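First the structure, in the form of structure tokens, and then the observations on it.
What follows draws every value from the coordinates through simple rules; no lab data is involved. Please read all numbers here as calculations on a predicted model, not as lab measurements. Note: ideal-geometry Cβ built from the backbone for every residue, glycine included; neighbour counts use all protein chains shown.
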Amino acid sequence: MQTSPLPPESATAVSLEGVVKKYRDQTVLQELSLKIRRGEFLTLLGPSGCGKTTLLNLIAGFAQADNGEIFIDDQLVTDLPPYQRQIGIVFQNYALFPHMTVERNIGYGLRTRRLPSAEIEQRVRDAMALVKLDGLGQRKPRELSGGQQQRVALARALVIRPKVLLLDEPFSALDKGLRGSMQVEIREIQRQLGVTTVFVTHDQGEALSMSDRIAVMSSGVIRQIATPDELYRNPQDPFVAAFLGDVNILPAHYHGSDQDGIQLRLGAGLIRVPRERLVGGSHEGRRLDVYVRPEQIRLENLNGGSVLSGTVVNHVFQGDHIDSYIDVDIPVAGHKRVMVRSAGLDAPRLWPVGAVTALVLPDHGISVFNAAP
């Protein structure tokens, strides 16, 4: 399938500058600025109530900003109504017209734009072929499966040839198997058309697997925006590190530094951390939190030089990996339960429940933040 290459960073499709949105006395978006590149698939990821759907509604024109400006293709659209923004949107519940056929639903936006009948018919046929709905044009929404209804909603959004496609949690009503296949299909269509797409979800797996970039949101602000790999491996905010997958948080103390990095006191000894893995402000004399992903910790036989050790309390089989849980005693901090993820399935045999094992941390695969007060 022919795909459109991602354009350079200077090619901006959507720009939000200092956008503020309030509902009564509650500030939902706090002076938010964001640039979305032309042709990219950008995901707004965050927990419920973080402001991601409000941000989507502001781009679409369904809500008005209290302050700030919104541009689409360098045109100021802050005060334009939705129908003048050339936006396609797929809602969480699809919002199909129950009394209309598939063809009529897909062509609705073209009819409101008063396009010639022949052009409408051709565009609808092309859109139905694109989303694999051939032969279903005369059916009503109630006669379709959930996946087919989603395809109708997607075709209706794309048939108008939008400048920007907005997806508001479109997979939430689908079962797990269908959800996965639809994610692949929508991403393939997006790449084929090269349409700038903004996707809203609270599902970390969806965001990591589908996105060119992810903007992680919390309490009305963007905590970090980067590629999925960069966000997962190099978070710049404790919320991002904890929200974007399983993570262990281990208390440590600053011990000293040299040209090779920073020394931290953790458990029974010292670990050395590259300077670039420490995020934010001064660390001297501070209590720190070490964030480390479960798959980055290695279990080894106990020896005299082990910094961290603990007792195996459980193994959980997860199909393609094993999650092992280790009880670790850390001076001052006390008892901590650490998750270790092993790609191999022999951890229960090597370290049965009750065994004492050493935990080895990676040199570069951790992030260190100042501990919360």
Rounded to whole Hz, the Karplus (6.51, -1.76, 1.60) HN-Hα couplings of the stretch 130-143, x for glycine and proline:
4, 9, 6, 10, 3, x, 10, x, 9, 7, 9, x, 5, 8
What percent antiparallel are the DSSP beta bridges of the chain, to the nearest 5?
75 percent
So, in nm, how far is label residue 360 from label residue 80 when the simple model puts each one 7 Å beyond its Cα toward the Cβ?
5.8 nm
Quote the Stokes-Einstein diffusion coefficient, in whole µm² s⁻¹, for the stretch 323-373, based on the Kirkwood radius over alpha carbon pairs, a temperature of 20 °C and a viscosity of 1.002 mPa s.
162 µm²/s
Give, rounded to the nearest 20 debye, the magnitude of the charge dipole that the chain has about its Cα centre when Lys and Arg contribute +1 at Cβ and Asp and Glu contribute -1 at Cβ.
980 debye
Given the options 177, 51, 280, which has the most mean-square fluctuation in a GNM of the chain, springs set between C-alpha atoms less than 10 angstrom apart?
177
On a 0 to 90 degree scale, rounded to 10, what angle separates helix 102-112 from the longest Cα axis of the chain?
70 degrees
How many percent of Cα pairs in the stretch 1-103 exceed 23 Å?
35 percent
Expressed in Å to one decimal, the Kirkwood Rh of the stretch 126-183 from all distinct alpha-carbon pairs is 12.2 Å
Using a simple charge model, +1 on the beta-carbon of Lys and Arg, -1 on the beta-carbon of Asp and Glu, nothing else, what dipole does the stretch 246-370 show about its Cα centre, in debye to the nearest 20?
220 debye
Can you give the relative contact order of the stretch 34-112 as a percent, counting alpha carbon pairs under 8 Å and 6+ residues apart?
16 percent
Would you list, by chain and number, the lysines whose Cα falls below 29 Å from the Cα of residue 132, excluding same-chain residues fewer than 8 positions away?
140, 163, 176
Taking 0.36 nm per residue of separation between residue 192 and residue 321 and subtracting their Cα-Cα distance, the length gained on full extension comes to 43.0 nm
Ignoring everything except DSSP H segments at least 4 long, calculate the 222 nm mean residue ellipticity for the chain; use -39,500 (n - 2.57) per segment, divide by total residues, nearest 500.
-7000 deg cm²/dmol
Give me the distance in nm between label points sitting 7 Å out from Cα along the Cα-to-Cβ direction at residue 104 and residue 287, one decimal.
6.6 nm
Part-to-part distance (alpha-carbon centres) for the stretch 251-269 and the stretch 16-92, which is given in Å
43 Å
Förster-model FRET efficiency, 30 Å R0, residue 178 and residue 314, C-beta, rounded to 0.05
0.40
Wrap a convex hull around the Cα atoms of the chain, take a quarter of its surface area, and give that in square nanometres.
23.2 nm²
How high is the relative contact order of the chain, in percent, counting Cα pairs under 8 Å that sit 6 or more residues apart?
15 percent
1/(1 + (r/R0)^6) with r = Cβ-Cβ of residue 246 and residue 117, R0 = 45 Å, i.e. FRET efficiency to nearest 0.05, evaluates to 0.25
Along principal axes, Cα extents of the stretch 218-281, largest first, whole Å:
38, 23, 21
In cubic angstrom, how much convex hull volume per residue do the alpha carbon atoms of the stretch 270-373 span?
119 Å³
Rounded to two decimals, what ratio of Rg to Rh does the stretch 234-327 give with C-alpha atoms and a Kirkwood Rh?
0.99
Residues of the stretch 80-115 with the amide nitrogen closer than 12 Å to a label point 7 Å from the Cα of residue 139, along Cα-to-Cβ, please.
102-103
